[in-house]
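Contents: one structure, followed by commentary.
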Amino acid sequence: MVKELNISPVGRVEGDLDVKVYMENGVVTRAHTQAAMFRGFEKIMEGKDPQSGLIVTPRICGICGGSHLYCASSALDTAWKTTLPPNALLLRAIGQATETVQSIPRWFYAIFATDMANKKFANKPLYAEVVKRFSAYVGTSFQKGVTASGRPVEVYALFGGQWPHSSYMVPGGVMCAPTLKDITRAHAIMNFFRNEWLESIWLGCSVERYLQIQTWDDLLAWVEENESQRNSDLGLFIRASLEFGMDTFGQGVGKFLAYGTYLHKDLYNKPTIEGRNKALISSSGFFDGEKYHEFDHLQIMEHVKHTWFEDVPAAHPWNEPLPTPVPSQNLEQTNFDGKYSWSKAPRYMGHAAEAGPLSRVIMNANPANLEHQFRDPLFGDILKQKGPNVFTRALARMHEAPRLYEMINKWLSEIRLDDEFYIKPKEQDGKGFGATEAARGALAHWIEIENGVIKNYQVVAPTTLNVGPNDDEGKSGPIEAALMGTEIEDPHDPVEVGMVARSFDSCLVCTVHAHDEKTGKKITEFKL
Amino acid sequence: MINIPGCPAHPDWVTQILVAISTGRIGDVLIDDYHRPKTFFTEFVQTGCTNAVSFAQKIDGHFGKRGGCLFYEVGCRGPMTHASCNRILWNRQSSKTRVNHPCLGCTEPGFPHHDLVKGSVFKTMKYLGFLPRDVPAGNSKLGYYLRAGFEKTMGKVEKIVGVNRELYKHSK
């Protein structure tokens with residue numbers, strides 16, 4: 001029997017993402033993602049001051065504003081050929097890392113883990129403990145984790161003034177010139193975060209012990225090493241995920257894209273697009289399922305055949321026009337053979353590729369990584385042993401917290417208070433490219449400045465990469481692909497669909513619409 | 001109707017008004033012409049700014065430099081933006097102007113100001129290259145130019161006669 005399922009919205013925070021799935025005998029046979037809101041941020045900046053992106057783009061997202069700022073300032077650095085002092089690169093990296101660490105417990109407790117308390121898993125032995133800890137609002141870890149997530153961005157505020165929506169990263173450096181007391185307070189806040197959540201609740205061991213883990217077997221051994229680790233939230237999450245079968249669905253396209261981030265303080269003082277890959281601390285790349293390819297931003301093309309924009313040939317962001325919207329339809333009236341989303345469909349070397357922490361940690365496992373780059377084999381091994389799925393995607397996101405904690409402290413200690421924080425650049429026309437890894441994946445901005453104003457500005461967000469619709473050749477986007485084949489136990493409560501979508505941490509609220517494939521009849525509609 | 005402005009609004013602005021309502025204090029929530037609660041939007045961002053002394057003494061601030069006021073060169077709107085950012089702080093720690101970040105005026109109508117035209121972002125828009133187009137609230141333009149001109153001249157004189165006002169020269 002064939003059924004259709006509409007899920008709207010999939011996320012829990014903001015924006016609008018609708019998912020329409022068709023089911024046959026309880027298995028998803030077709031899936032479409034619909035970004036239901038026109039944003040128009042690129043259009044806003046047309047003809048404006050070249051620095052407008054520093055103010056406008058952080059406001060694209062209330063949780064990734066610092067990441068947009070990292071891109072906007074970097075795009076201007078390459079266009080204006082600035083010089084960046086080491087202190088500025090450190091303070092930008094600290095801003096990016098604190099924002100990402102903020103997102104980790106917030107996403108886990110507020111967005112993701114509450115699904116593990118769904119009645120679908122009620123017959124599993126670990127269910128009672130999961131409900132006790134991870135239930136929305138009332139779980140014993142829920143409030144603690146969400147509260148702890150506010151700490152890292154206190155450090156962001158020490159250097160950026162506030163989080164979210166600071167513009168403290170500017171071409172040529174940063175606005176701030178911190179004093180000793182800012183650095184010491186930042187160390188103290190991070191220490192508090194470690195004591196309050198990271199080691200005490202999440203790991204059940206020291207950051208140093210956790211970072212010794214090199215392989216999947218190491219990780220399983222770590223879980224069983226002692227009661228503290230076994231009963232930590234991470235220990236419980238791993239044991240419950242395997243027991244609940246969260247490692248068995250949501251595979252996706254099996255191709256991974258990361259732009260990398262954290263430009264090294266001494267290796268990017270003369271910012272160029274060509275010099276970027278080697279200056280990254282968290283490496284960039286494209287992994288096609290078998291081998292690694294060096295990242296080249298010119299390989300990105302955006303398709304709009306299924307987007308509510310006027311048709312133009314697939315093009316690199318520098319070469320595409322600012323989008324011209326066409327009339328959209330609500331979900332019921334949408335014809336999925338035609339245009340059906342406000343999101344474009346970006347492709348890398350012609351492939352739909354998944355963006356996110358899993359992509360990042362796969363790049364971190366690249367044996368070709370340089371001495372100054374993260375060299376962490378764990379997720380190379382996990383990908384081989386377990387493949388991509390809901391569990392590995394979530395594990396990858398959580399895996400970053402201890403390492404970033406360590407890096408934030410390291411970068412704080414490298415700031416030289418007597419040295420420069422900003423070198424005033426000379427404004428000029430030209431093209432620029434800035435990129436980073438937002439908490440939820442690869443993010444990039446492209447700018448073209450002509451006659452001293454913005455001629456073209458293009459943003460490709462990780463959510464664009466992941467929730468994008470079919471491309472010109474009819475190939476599915478990553479979330480659409482990841483939903484295919486998912487088994488739905490209860491079509492009136494398709495928690496599996498939500499878990500797949502949320503494992504990508506798409507920054508759009510999402511609604512599920514379930515339909516019967518043969519009759520087209522709607523079975524259920526609800527917000528997740 | 002109560003309007004809570006800001007991009008973003010400070011969480012306290014939202015929650016404390018809700019607390020006021022839930023504790024029976026709606027009568028104390030006074031609102032201004034834009035329906036903003038006066039308790040948060042009567043004073044200016046400049047109130048509590050750690051660079052307020054530099055504003056009074058007309059000492060310029062710049063990116064990457066300790067001390068100095070951001071109003072003169074990099075477009076800070078702290079003196080004409082109603083908000084309590086420097087009194088209640090953000091993320092319990094700081095505020096834009098405390099870290100050398102010009103106030104963008106996001107609680108006032110017209111944000112982003114000057115419609116982001118060329119030369120308006122992180123630059124003070126001026127007449128004749130030295131007279132700020134927007135002057136601090138509560139001043140006539142002419143009155144402000146005269147007072148500021150006097151302060152600026154006095155500052156130069158005092159510097160020449162050796163009154164050291166560079167607070168951060170020997171500190172970090």
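Being over 21 Å from the mean Cα position of the chain (by Cα), within 17 Å of A:Phe256 (Cβ to Cβ) and polar (S, T, N, Q): is that true of A:Asn335 here?
Details: over 21 Å from the mean Cα position of the chain (by Cα): yes; within 17 Å of A:Phe256 (Cβ to Cβ): no; polar (S, T, N, Q): yes.
Answer is no for this residue.
What is the residue count in the range B:20-66 for residues that are within 25 Å of B:Ile4 (Cβ to Cβ) and within 14 Å of chain A (Cβ to nearest Cβ)?
Pass one, the range B:20-66, residues within 25 Å of B:Ile4 (Cβ to Cβ): B:20-49.
Right, trim to within 14 Å of chain A (Cβ to nearest Cβ) and you get B:45, B:48-49.
Number satisfying all stated conditions: 3.
What single numbered condition from (1) buried (at least 24 other Cβ atoms within 10 Å of the Cβ); (2) outside any helix (DSSP H, G or I); (3) of a type outside the set (Asp, Glu) fails to hold for A:Ser476?
So A:Ser476 meets the others, but not (1).
Suppose we filter the range B:74-97 for residues that are of a type in the set (A, V, I, L, M), more than 10 Å from chain A (Cβ to nearest Cβ) and surrounded by fewer than 22 Cβ atoms within 10 Å (Cβ to Cβ); how many remain?
Start the filter on the range B:74-97 by keeping residues that are of a type in the set (A, V, I, L, M), which leaves B:74, B:80, B:83, B:88-89.
Now narrow it down to the ones that are more than 10 Å from chain A (Cβ to nearest Cβ): B:80, B:83, B:88.
If we keep only those that are surrounded by fewer than 22 Cβ atoms within 10 Å (Cβ to Cβ) as well, we get B:80, B:88.
Looking only at that region, the number is 2.
May I ask you to say which residue of B:Pro79, B:Pro37 is in the same structural domain as B:Cys103 (by TED's automatic domain parsing) and touching a strand residue (DSSP E or B) at 6+ places or on another chain (Cβ under 7 Å)? Step through it out loud before you land on a result.
Numbers: B:Pro37 fails: in the same structural domain as B:Cys103 (by TED's automatic domain parsing).
That would be B:Pro79, the only listed residue that is in the same structural domain as B:Cys103 (by TED's automatic domain parsing) and touching a strand residue (DSSP E or B) at 6+ places or on another chain (Cβ under 7 Å).
Which one of B:Phe71, B:Phe41 is farther than 30 Å from B:Phe130 by Cβ and open to solvent by less than 40 Å² (accessible area, probe 1.4 Å)?
B:Phe41 is the lone residue from the list that is farther than 30 Å from B:Phe130 by Cβ and open to solvent by less than 40 Å² (accessible area, probe 1.4 Å).
Quick check on this structure: which one of A:Ser103, A:Ser167 is within 14 Å of chain B (Cβ to nearest Cβ) and within 29 Å of A:Leu54 (Cα to Cα)?
Values: A:Ser103 fails: within 14 Å of chain B (Cβ to nearest Cβ).
One residue alone meets the criteria, A:Ser167.
If you take the residues of the range B:106-138 that are among the β-branched types (Val, Ile, Thr) and within 11 Å of chain A (Cβ to nearest Cβ), which of them is surrounded by the fewest Cβ atoms within 10 Å (Cβ to Cβ)? Spell out the reasoning first.
We begin by selecting, within the range B:106-138, every residue among the β-branched types (Val, Ile, Thr); these are B:107, B:117, B:121, B:124, B:135.
Then drop every residue that is not within 11 Å of chain A (Cβ to nearest Cβ), which leaves B:117, B:121.
Values: B:Val117: 14, B:Val121: 25.
Looking at the filtered set, the residue picked out is B:Val117.
Quick test for you: out of A:Lys305, A:Lys278, A:Lys270, pick the one residue that is touching a residue at least 12 places away in the same chain (Cβ under 8 Å), surrounded by fewer than 17 Cβ atoms within 10 Å (Cβ to Cβ), basic (Lys, Arg) and not in a helix (DSSP H, G or I).
On the way: A:Lys305 fails: surrounded by fewer than 17 Cβ atoms within 10 Å (Cβ to Cβ); A:Lys278 fails: not in a helix (DSSP H, G or I).
Only one candidate passes the filter, namely A:Lys270.
Starting from residues that are over 30 Å from A:Leu180 (Cβ atoms) and in contact with a Leu (Cβ under 8 Å, 6 or more places away or on another chain), keep the ones in the range A:418-436 and report whichever is farthest from the other protein chains (Cβ to nearest Cβ).
A:Ala435
Can B:Gln57 be described as open to solvent by 20 Å² or more (accessible area, probe 1.4 Å) and in contact (Cβ under 8 Å) with a residue 40 or more places away in the chain? First the steps, then the outcome.
Numbers: open to solvent by 20 Å² or more (accessible area, probe 1.4 Å): yes; in contact (Cβ under 8 Å) with a residue 40 or more places away in the chain: yes.
Criteria met by B:Gln57.
Could you tell me whether A:Ala188 is modelled with pLDDT of 95 or more, of a type in the set (Gly, Ala, Ser) and in a helix (DSSP H, G or I)? Lay out the reasoning, then the answer.
Numbers: modelled with pLDDT of 95 or more: yes; of a type in the set (Gly, Ala, Ser): yes; in a helix (DSSP H, G or I): yes.
Yes: the conditions hold for A:Ala188.
When you scan the range B:152-159, do you find a residue that is in contact with a Ser or Thr (Cβ under 7 Å, 6 or more places away or on another chain), away from chain A (no Cβ under 14 Å), surrounded by fewer than 22 Cβ atoms within 10 Å (Cβ to Cβ) and farther than 22 Å from B:Pro37 by Cα, even just one?
First pass over the range B:152-159, keeping only residues in contact with a Ser or Thr (Cβ under 7 Å, 6 or more places away or on another chain): none.
No - not one qualifying residue is present in the range B:152-159.
Just name the residue that is surrounded by the most Cβ atoms within 10 Å (Cβ to Cβ) out of those in the range A:17-70 that are more than 30 Å from B:Gly110 (Cβ to Cβ) and of a type in the set (Lys, Arg).
Checking each candidate, the answer is A:Lys20.
The values are calculated or read from the model by the stated rules, or taken from the named source; none is laboratory data. This structure is a prediction, so every number in the text was calculated from the model and none was measured. As a convention, Cβ positions derive from the backbone with ideal geometry for all residues, glycine included, and neighbour counts pool all protein chains shown. All accessible areas refer to the heavy atoms of the entire protein, side chains included, with ligands and DNA or RNA removed. Shrake-Rupley method; radii C 1.70, N 1.55, O 1.52, S 1.80 Å.
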